[in-house]
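Following: one structure in structure tokens, then a few remarks.
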């Protein structure tokens with residue numbers, strides 16, 4: 001896929017993500033410069049999991065919405081877009097910025113694998129926007145059964 005198409009996917013997904021208040025709020029509460037206590041570490045990891053899930057689902061939804069403009073979109077293209085979005089949303093120290101793309105892609109891949117394991121490879125995104133607009137957490141927009149306590153967010 002061309003860089004212009006990935007750029008369009010990133011731009012459109014970012015616009016959608018910025019309308020999701022729970023993600024914006026979570027990002028504003030995260031403090032990646034403060035890893036001094038167990039509480040901060042646990043909070044940052046849980047928060048990052050929520051944000052990663054939201055980015056993945058938003059990129060997937062946006063890619064479906066733009067499917068007529070984005071031909072031959074691959075999973076790697078979506079992963080690249082999600083990584084660029086994460087880089088845009090979360091400020092990191094300069095020394096991590098050097099390798100953040102590899103770290104982001106690794107973390108995003110783990111979340112995708114967890115979602116695929118939980119709900120299969122076919123995600124129901126039809127009502128995702130509506131559920132998010134009413135304040136439902138992003139991952140819950142997939143109608144994942146969380147009764148066993150293994151949900152991500």
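A short reminder: the numbers here are calculations on the coordinates, not readings from a lab. In this text the structure is predicted, and so the values were computed from the model without any measurement. Quick reminder, even Gly has a Cβ in these numbers, built from the backbone with ideal geometry, and neighbours come from all protein chains shown.
With both labels modelled 7 Å from their Cα along Cα-to-Cβ, the residue 119 to residue 92 distance reads 2.6 nm. Ordered by the number of other Cβ atoms lying within 10 Å of each residue's own Cβ, fewest first, 123, 94 fall into the sequence 94, 123. Using 0.36 nm per residue and subtracting the Cα-Cα separation, the extra length available between residue 40 and residue 21 on full extension is 4.7 nm.
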